[in-house]
Amino acid sequence: MPDRITLRPAKPGEGPLLSALAFRSKCHWGYSPAFMAACRAELTVSEADIANPARHYHVAESGGAVVGFYALERTPPNHYELEALFVEPKHIGHGVGRALIEHAKSHARRLGAMSIRIQGDPNAMSFYLAAGGLQVGTRESASIPGRDLPVFCIPLA
């Protein structure tokens, strides 16, 4: 169980740290090396991503270490897409993900969002449903052609 979790905006220069965390988190689910190689670009957080005013990156820290992060991106008119939510594998199931999704929901509300849309990994389906998400369809993976992923919507209004 992590120490107290604090959340803060991502800082310039943290792209490589967040990219590596996202990759480790995705690996946690036992995907093959070939699958992970196909996902690498999609899991990469660039400095331009962090600096983009249409994206909102927040990190969770515990004991002075980054243990997770999320990214929201505005999708007009008043909605946001959860572009990323990843937790260090040893902290999965210990409240970090819950703290991140609740912060993302609060942050999106402050930004005037009516909902958050999420294309989730099938392994995270129960997590997003427990967070108030409703499965509203599927979308093809940007990394693996022919692989459909569940899409959720969390209403905020």
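The values are calculated or read from the model by the stated rules, or taken from the named source; none is laboratory data. Since this is a predicted model, take the numbers as computed values, not measurements. Cβ placement follows ideal geometry from the backbone for every residue including glycine, while neighbour counts extend to all protein chains displayed.
A34: free of Cβ contacts under 8 Å to residues at least 40 places away in the same chain and surrounded by fewer than 16 Cβ atoms within 10 Å (Cβ to Cβ), yes or no? When the stated conditions are applied, A34 passes them. Among the residues that make up segment 74-84, is at least one of them in contact (Cβ under 8 Å) with a residue 40 or more places away in the chain and not aliphatic (A, V, I, L, M)? Yes: one or more hits.
Sub-8 Å Cβ pairs linking a first residue in segment 37-64 that is more than 19 Å from G120 (Cβ to Cβ) to a second residue that is of a type in the set (V, I, T), at least 6 apart or interchain, are V59/V66; E61/I5; E61/T6; E61/V67; S62/I5; S62/T6; S62/V96, ordered by first then second residue. H103 fulfils the conditions (1) at pLDDT below 95; (2) more than 20 Å from R139 (Cβ to Cβ) except for a single criterion, (1). With respect to (1) more than 20 Å from Y57 (Cα to Cα); (2) touching a residue at least 40 places away in the same chain (Cβ under 8 Å); (3) in contact with a Leu (Cβ under 8 Å, 6 or more places away or on another chain); (4) of a type outside the set (V, I, T), the lone exception for A113 is condition (1). Report whether or not G146 is closer than 25 Å to L17 by Cα, at pLDDT below 95 and surrounded by fewer than 20 Cβ atoms within 10 Å (Cβ to Cβ). When the stated conditions are applied, G146 does not pass them. Among the residues in segment 87-104, are any surrounded by 22 or more Cβ atoms within 10 Å (Cβ to Cβ), touching a helix residue (DSSP H, G or I) at 6+ places or on another chain (Cβ under 8 Å), touching a residue at least 60 places away in the same chain (Cβ under 8 Å) and not small (G, A, S)? Taking every residue of segment 87-104 in turn, at least one turns out to be surrounded by 22 or more Cβ atoms within 10 Å (Cβ to Cβ), touching a helix residue (DSSP H, G or I) at 6+ places or on another chain (Cβ under 8 Å), touching a residue at least 60 places away in the same chain (Cβ under 8 Å) and not small (G, A, S).
Just to be sure, is L100 under 30 Å from A157 (Cα atoms) and among the aliphatic types (A, V, I, L, M)? Criteria met by L100. Residue check: A51 meets all listed conditions (1) over 19 Å from I154 (Cα atoms); (2) buried (at least 17 other Cβ atoms within 10 Å of the Cβ) but one, namely (2).
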